[in-house]
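Structure first, then comments.
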Amino acid sequence: MIPAIILFLLYTASAWAMLRSVKKPRLEPIAWILILVAIIGHSDVIMHMMRLNGRFSLGLFEATSLLGWTLAALACLISVDKQNRALGAILMMSAAVGAAMTGAGRSYPEATTAGWELTAHILLSMGAAALLFAAAVTAILLVVLDRRLRKRRIADLPSALPPLDALEKVMFRLIAAGFGLLTLALVTGFIFVTNLFTQNLVQKTVLSLIAWLLFGVLLIGRLRFGWRGRSAVRWTLWGFGILAVAYFGVKFVLEYLFGRHWG
């Protein structure tokens, strides 16, 4: 298996090369090779990490590492369009942080073996988290660009970023895709996850539903009333913040303060 530090360095190098490739196209093949090697190595590490002794274990650090892998895959898709490579580079750096968490957590040998139902639920959840995380990052970039434009600091605008309107469209596309996966994740969770109360999943489910409602209202507001700008950014950041607490905050409290665990 590739150590976490090597994965971190591979993702960091790929982020740098991908960002620099906007002005230096000769770096583009190097960037794609680095990210491909990192994702393949990360995949191998995750498979070993999540199936310790033939059992399925997904603690806080395992979940963070899996989110990092998903962000890396998403960064590849986003970076196909050269004007989105700054966003792709940020997601790769986020993947580097997730990869650095690999192997840092505790194992739970009592966890049950995962069937395809639970695996599908987890993958849908991580996919939704990655897309909505990317939307939140895009929202922050929108805030930065908007403030510089308002201060008439046009010359200081990063050349690697797309125009404000194009970046906002990317954000709403990410939200729409993330909302769809989050919907499927919630549906599969209600159908396939048994013993909701005994597995300490109530808090996670309630918070996830609140985040789902926020993103749903935002999308309806965008379609029917043309919501955009600062209000859309606030809704996006609030929605992802609640989802992050649901996925990782509650997990941290249960595992490291109360010594409980769910798969």
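Looking for whichever is more than 17 Å from residue 131 (Cα to Cα) and at pLDDT 95 or above here; the options are 206, 202, 217. Which one fits? Answer to the selection: 217. Read through the list (1) modelled with pLDDT under 75; (2) surrounded by fewer than 18 Cβ atoms within 10 Å (Cβ to Cβ); (3) among the aliphatic types (A, V, I, L, M), then give the number of the only condition that residue 143 fails. So the condition that residue 143 fails would be (1). For segment 150-160, check the following and say yes or no: at least one residue is at pLDDT 80 or above and either in contact with a Phe, Trp or Tyr (Cβ under 8 Å, 6 or more places away or on another chain) or open to solvent by 40 Å² or more (accessible area, probe 1.4 Å) (or both). There is no residue in segment 150-160 that is at pLDDT 80 or above and either in contact with a Phe, Trp or Tyr (Cβ under 8 Å, 6 or more places away or on another chain) or open to solvent by 40 Å² or more (accessible area, probe 1.4 Å) (or both).
Taking the numbered list (1) buried (at least 16 other Cβ atoms within 10 Å of the Cβ); (2) modelled with pLDDT under 90; (3) farther than 11 Å from residue 172 by Cβ in turn, residue 240 passes all entries but (2). Picking from residues in segment 197-231 that are surrounded by 14 or more Cβ atoms within 10 Å (Cβ to Cβ) and β-branched (Val, Ile, Thr), the one that is nearest to residue 175 (Cα to Cα) is 210.
Scan segment 177-187 and tell me whether some residue there is modelled with pLDDT under 95, more than 18 Å from the chain's Cα centre (by Cα) and not aromatic (Phe, Trp, Tyr). There is at least one residue in segment 177-187 that is modelled with pLDDT under 95, more than 18 Å from the chain's Cα centre (by Cα) and not aromatic (Phe, Trp, Tyr).
Has segment 22-31 got at least one residue that is in contact with a Lys or Arg (Cβ under 6 Å, 6 or more places away or on another chain) and at negative phi? Looking for residues that are in contact with a Lys or Arg (Cβ under 6 Å, 6 or more places away or on another chain) and at negative phi, one finds at least one in segment 22-31, hence yes. Just one of the listed residues (120, 17, 13) is buried (at least 21 other Cβ atoms within 10 Å of the Cβ) and at pLDDT 80 or above, and it is 17. Filtered by the rule that a residue be outside any helix (DSSP H, G or I) and either of a type in the set (A, V, I, L, M, F, W, C) or open to solvent by less than 30 Å² (accessible area, probe 1.4 Å) (or both), segment 20-43 gives 21, 22. Being surrounded by 13 or more Cβ atoms within 10 Å (Cβ to Cβ), without any contact (Cβ under 8 Å) to a residue 40 or more places away in the chain and under 26 Å from residue 165 (Cα atoms): is that true of residue 234 here? Yes: the conditions hold for residue 234.
The values are calculated or read from the model by the stated rules, or taken from the named source; none is laboratory data. These numbers were taken from a predicted model, which means no experiment stands behind them. Methodologically, a virtual Cβ is constructed for each residue, glycine included, from the backbone with ideal geometry; neighbour enumeration extends over all protein chains shown. Accessible surface areas use protein heavy atoms only, side chains included; no ligands, DNA or RNA. Shrake-Rupley method; radii C 1.70, N 1.55, O 1.52, S 1.80 Å.
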